[in-house]
Structure formats: C-alpha cells, structure tokens
C-alpha cells in the first residue's frame, strides 16, 4: 500500500515526467512488437527458402538447390534453417560423390555450439562420407564416437552398420563379428537384427 501511495503522490507531483514515462513504455512496447514481427518474417523467409531448396533436391535439381541454400546462408546466416541447409548441402555432395565438399558441409553442422540437436546428424553424415571415400580407419573412429555419445539416436543402427562394413574392409574380422552380434542384441526383431544375422553367416 505504501508503494502505491508513494507512486500516486509522485505522479501527482511530476505530471510531465509521468507522461514521458508512459510514452516511453508505449514506445518500448511498439518497438518490441515491431522487432518480433520482423523476426517472424525473417524466420518464415529462411524456412521458405530451405523448403524450396529441399524441393529442388528431391526433384534432382541439385544445382538449383545449392544456389537456394547459398542465398539462404547469405541472407540468414544465423538462422537454424541455414544450418539445415548445410546438412542438405552435405547430402547433395555425398550423392554426387563429391566427398571433400560433403565433409566440409557436415563439419559445419558438427561445429555448431550450444548442444545443437543437429550435431549428431553432422557427425553421422561425416562418418558415412569417410566410409564412402575409402577412409575406413577414420570412419571407425567417427562411428565409435557417435555410438558412445548418441547411443539412443535414431541413426545409431546405421552407425553400427558402418562399423561392420569398415571393420570388414580393414580385415578386422573379429571386430566386425562383435559389431554384428551387438546389433542383434540391441535391435531384436527388427530389420537391423536380420541385416546383422544375414552377414554373420
């Protein structure tokens, strides 16, 4: 009550200051609304550009998809849509067997800060790219890192599969068999368990 009484007294004694204070509050509110509206518009534009790029990619128009992704990165570099654009770039480069470019894109995703949910996607993409390029030794390390850090991730079975293929390619028969047995244990009654069983012989 004392606070309200003091505030009322101050407003009566300083009517001009009270007016300016009220105007300041209104101005601040208007600026906040304007900033929010602008942020919303920018966010919608960023995700729209990503949607267009994704559509191009699905239609097999990779060059146009990459151009759209570059525009997205230039106009909205900090928006998470741009980060997904990096991931899409990696996928496009992988499909074209341009592995150095794919690795570069996936590393950008991996290097995101703040515990981004995209980091495991970047690591998985990088690991599979290393396998595809014939660098199985590095790929094994990447798969192991993924499975130690993101063992419950939906891409974990693919990382186990990559481990199997790379151990086999490196002539590491026992490690490959161990990885297959682990897949059977972790994913019973699934496609991956059958995949492992078929390769165990």
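Some values worked out for this structure:
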item: Per-region count, segment 40-62, residues farther than 11 Å from residue 72 by Cα and crowded, with 16+ Cβ neighbours inside 10 Å; result: 4
item: Every pair of residues 6+ apart whose Cβ atoms lie under 6 Å, when the first sits in segment 63-80 and is part of a loop (DSSP other than H, G, I, E, B) while the second is modelled with pLDDT under 95 and crowded, with 19+ Cβ neighbours inside 10 Å; result: 76/46; 76/82; 79/46
item: Helices (runs of 4 or more DSSP H) within segment 122-201 that include 1 or more residues touching a helix residue (DSSP H, G or I) at 6+ places or on another chain (Cβ under 8 Å) and closer than 22 Å to residue 91 by Cβ; result: 136-149, 156-169, 191-200
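The values are calculated or read from the model by the stated rules, or taken from the named source; none is laboratory data. As the structure is a prediction and not an experimental result, all values here were calculated from the model. Please note: Cβ atoms are built from the backbone with ideal geometry, for glycine as well, and neighbour counts cover all protein chains shown.
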